[in-house]
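This report refers to the structure that appears directly beneath it.
The values are calculated or read from the model by the stated rules, or taken from the named source; none is laboratory data. What you see is a predicted model, and the numbers here were worked out from it, not measured in a lab. No Cβ is skipped: glycine too gets one built from the backbone with ideal geometry, and neighbour counts run over all protein chains shown.
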Amino acid sequence: MTDIAEPLGRAAISLGQWGDLSVRLRRGAEYIAIPLLALAITGVLFSIFLLALGKSPIEFFQLVDRGGFGTAFSVQNTLQRSSPLILTALAVALPARIGLIIIGGEGALVVGGFAAAVVAIPLVTGNVPPLLTLCVMAAAGMLVGAVWIGIVGYLRYARGVNETIASLLMTYIGIAFMNFFVEGSLRDLTNPNKPSTMPIGDAYMVGKIPGTDVHWGLIAGIVLAILLSILLSRTTFGFAVRVAGGNPRAALAQGLPVGKLIVICCAIAGACAGLAGFFEVAAIQGRANASLVAGYGFTGILVSFLARHNPLAIIPVAILFGGIVASGGLIERRMGLPDATVLVLQGLTFVVLLMSETLYGRFKIFQVRGATERT
Amino acid sequence: MPQMTFNRRVFLKTGAAALVATGSAARIARAGNVIIGIVYVGPRDDFGWNQAHAVAAQALKTIPGVTVVEEENVPETDACSKAMESMINLDNANIILGTSFGYFDPFMVDLAKKYAKVELRHAAPLWSASKHPMNLGSYFGYLNQAHYVDGVAAGLSTKSNKLGFVAAKPIASVLSNINSFMLGAKKSNPNASVQVIFTGDWSLPVREAEATNTLVDAGNDVITCHVDSPKVVIETAEKRGVKTCGHNASQAPLAPKGFITGAEYKWVTIYKGYATELAEGKKLPNMVAGGYESDMVQNTPFGAGADEAARKAATVAIADLKNKKPIYVGPLKDNKGKVVIDKTYDNLDPFLDQMNYLLEGVQGSIT
């Protein structure tokens, strides 16, 4: 072994800087290879499931390709469905970096969207210019969402309340709260069939990115993902967050304001989800009603975990999920499968992914003792 | 052994080829066909609203030259927009049938404006020539006629003279069913009365079960309903040992002992009409509606709960309705004492579509 290792080691050292990069790449590759392996295993398991049902897995994946990414229409459909997922996934990713598992994105989305719709009522009736109205609505959505999840963070730090349960229960409270007002005092009485708030009107809706059928929420999501990535990796705040996430006691011992960090991270997360709610109201529905509760918050959890809570990785993963959901309809129609099939695929992905967490650090190929460890 | 390897290779090759072939078959566009896309708000086997449409879709599939693509569990959000657009773009559908009330505005209206060459039809009387594009339209059935027949049979099946009705929302089409049911019951049994409980939404299984139990506890021994899926109501009533009348689709298998008859839609009449007209290249009508006189509604075949007298009376009522005999013979008061129906109205008269009251004989309130 030593005869081979020696010259290799010397060659590695002599490569100098280039050696460093290749070592870092190999270590980093683990974080891409294992999720990809998890996806591949999911694909195999799901194919077995399909074969047991008597359906062709090849046809399934062909339809996912066609319905999600194959035609111009499909691509736009996919991007449309990915937009809320990017934002709700960010709402899970940021608290996860500080060590909190927050699954309340759905609630923050609903109350954020509701706040945006409510704030719009006096502005629309007062004929305030659309751009200003939309800015105010977005701000309202983000603020309410931030407060919503901020409460969860505060409860966690000040009282030790489990943030996962708290955020989930807050979701139910948020939905009930919205329903109470939408069906009651804030109901638009000109629409007897479905309780909603007043529609904001076509003139005030967020438009589509020129040349496409996708609204601006997608760009907002991508921009926020990039900003949060920079925040986490390049600022002192981000560094403090990662330290606190790794070891809260050590961070406290160092004098980091862990409590403030937790609440701020939760507030930013809630603001992202609230912004998703704003786009649901201002770009899709035009009003707040029970349709806001569409499960984007929960799918966002899955997206964030698959992306290992890395804001940049969330973008491609959200697009992948958007593609799977977008092709769900086509699969249902062509293969005669029930619509729950896509849920089975998502669930399987999540379970296999969680199980793959045990694989980190086990593969020798990623353990490189290279140029960075000079004796 | 070479023999086995050879066979395995051949098997794998042909297997793979078969899989690929089935895959590519899915992408072949069938030229010249009528392609119908149907979107359901719930599951196809819900023993209710969606099943009624699915049953008609099944009948459509047997017509040569007609392809049907269906998607179920599509909520009344922009998901339905996306589902319909997917059918138009990826399946080349010529006509889209949206079966749920909330699909129409703004989703189907906007889609009709965007895809001017595709016909869209919606299962509720919301289309209006002055407001909506011409490639959009409405269709529905006057189910209240079938509820009238239910009432005639129920009036002769009750011992307590009290009939219970579990209703979803107090909108015109639901109120019309309740009132028609009561009028039918009173026709065969002048002492009968109807008690109604509103659950608040189209599909709330827990509340529907609670309402059914409440009605049975209050002495009602025949239960019927207007909810999306009557499965829960019928099963709960059957467990309590009372008789039942169905709604939307056939729930007869769910109540082997107590089922009388049920008010069912006969969507296949309308759907076959659309398919034929499309195949012949004719312009589709924008508004299609009717009851027994156009064969657009039907009653479930009688169950074990219907005795000889009930069956006879119901059959006579059906024949009368096919001859357009009016249900609403005025003057009629509402259950607060005010005269709301001043004269006799033809069964398809639009005046009856504005119903926002419960007639005298129905115990319950709208608000």
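General observations
- One residue stands out in the stretch A:54-69 among those that are facing another protein chain (nearest Cβ under 7 Å) and aliphatic (A, V, I, L, M): the one that is surrounded by the most Cβ atoms within 10 Å (Cβ to Cβ), namely A:Leu63.
- Within the stretch A:292-310, the set of residues being farther than 20 Å from A:Ala38 by Cβ and of a type outside the set (A, V, I, L, M) comprises A:Gly295, A:Tyr296, A:Gly297.
- In the stretch A:171-184, the residues that are within 20 Å of A:Ala146 (Cβ to Cβ) form Cβ pairs under 6 Å with partners that are in a helix (DSSP H, G or I), at six or more places apart or across chains, as follows: A:Thr171/A:Glu106; A:Thr171/A:Gly107; A:Gly174/A:Gly107; A:Gly174/A:Val110; A:Gly174/A:Val111; A:Ile175/A:Val110; A:Met178/A:Val110; A:Met178/A:Phe114.
- Per-region count, the stretch B:320-360, residues touching a Leu at 6+ places or on another chain (Cβ under 8 Å) and closer than 23 Å to B:Asn191 by Cα: 13
- Number of the exception - B:Met355 against (1) surrounded by 15 or more Cβ atoms within 10 Å (Cβ to Cβ); (2) at pLDDT 90 or above; (3) not basic (Lys, Arg): (2)
- Qualifying residue in the stretch B:303-311 (condition: within 21 Å of the chain's Cα centre (by Cα) and outside any loop (DSSP other than H, G, I, E, B)): no
- Search result, residues across the stretch B:134-143 that are touching a strand residue (DSSP E or B) at 6+ places or on another chain (Cβ under 8 Å), touching a residue at least 24 places away in the same chain (Cβ under 8 Å) and not small (Gly, Ala, Ser): B:Leu136, B:Tyr139, B:Phe140, B:Tyr142, B:Leu143
- The number of residues in the stretch A:161-203 being surrounded by 18 or more Cβ atoms within 10 Å (Cβ to Cβ) and among the small types (Gly, Ala, Ser) comes to 4.
- Unique match (being within 14 Å of the chain's Cα centre (by Cα), buried (at least 23 other Cβ atoms within 10 Å of the Cβ) and within 24 Å of A:Leu131 (Cβ to Cβ)) among A:Ala276, A:Ala282, A:Ala269: A:Ala276
- A:Met178 meets each of the listed conditions (1) touching a strand residue (DSSP E or B) at 6+ places or on another chain (Cβ under 9 Å); (2) more than 30 Å from A:Gly259 (Cα to Cα); (3) of a type outside the set (S, T, N, Q) apart from (2).
- Qualifying positions in the stretch B:184-213 - hydrophobic (A, V, I, L, M, F, W, C) and out of contact with any helix residue (DSSP H, G or I) (no Cβ under 6 Å at 6 or more places or on another chain): B:Phe198, B:Trp202, B:Leu204, B:Val206, B:Ala211
- So A:Gln80, is it without any contact (Cβ under 8 Å) to a residue 24 or more places away in the chain and surrounded by 19 or more Cβ atoms within 10 Å (Cβ to Cβ): no
- Hits in the stretch B:38-81 (condition: among the acidic types (Asp, Glu) and either in contact (Cβ under 8 Å) with a residue 60 or more places away in the chain or more than 14 Å from every other protein chain (Cβ to nearest Cβ) (or both)): B:Asp46
- Check on A:Val342, over 19 Å from B:Val39 (Cα atoms) and touching a residue at least 12 places away in the same chain (Cβ under 8 Å): no
- Checked against the criterion of being surrounded by fewer than 19 Cβ atoms within 10 Å (Cβ to Cβ), within 12 Å of chain A (Cβ to nearest Cβ), closer than 25 Å to B:Leu120 by Cβ and at pLDDT below 55, the candidates B:Ala26, B:Ala18, B:Ala31 yield just one match: B:Ala26.
- Residue match in the stretch B:275-288 (condition: under 27 Å from B:Thr199 (Cα atoms), under 22 Å from the mean Cα position of the chain (by Cα) and surrounded by 15 or more Cβ atoms within 10 Å (Cβ to Cβ)): no
- Within the stretch B:82-99, the only residue that satisfies the criterion of being polar (S, T, N, Q), within 11 Å of chain A (Cβ to nearest Cβ) and surrounded by 20 or more Cβ atoms within 10 Å (Cβ to Cβ) is B:Ser86.
- Counted as qualifying within the stretch A:266-375 are the helices (runs of 4 or more DSSP H) with 2 or more residues that are of a type outside the set (A, V, I, L, M, F, W, C), farther than 30 Å from A:Phe177 by Cα and modelled with pLDDT under 90, namely A:311-335, A:340-356.
- Filter pass, A:Phe49 being away from chain B (no Cβ under 14 Å) and among the aromatic types (Phe, Trp, Tyr): yes
- Restricting attention to the stretch B:209-230 and to residues that are crowded, with 20+ Cβ neighbours inside 10 Å and among the charged types (D, E, K, R), the residue that is modelled with the highest pLDDT turns out to be B:Asp221.
- Near pairs, Cβ below 6 angstrom, 6+ apart or cross-chain, from the stretch B:95-118 (in a helix (DSSP H, G or I) and at pLDDT below 95) to any residue that is surrounded by fewer than 21 Cβ atoms within 10 Å (Cβ to Cβ) and among the aliphatic types (A, V, I, L, M): B:Phe101/B:Ala124; B:Phe104/B:Leu126
- The residue that is nearest to A:Phe69 (Cα to Cα), among those in the stretch A:323-350 that are of a type in the set (Gly, Ala, Ser) and away from every other protein chain (no Cβ under 11 Å), is A:Gly323.
- Residues that are among the hydrophobic types (A, V, I, L, M, F, W, C) and in contact with a strand residue (DSSP E or B) (Cβ under 6 Å, 6 or more places away or on another chain) do occur in the stretch A:277-299.
- When A:Val206 is tested against the conditions (1) surrounded by fewer than 19 Cβ atoms within 10 Å (Cβ to Cβ); (2) touching a strand residue (DSSP E or B) at 6+ places or on another chain (Cβ under 8 Å), the lone failure is (1).
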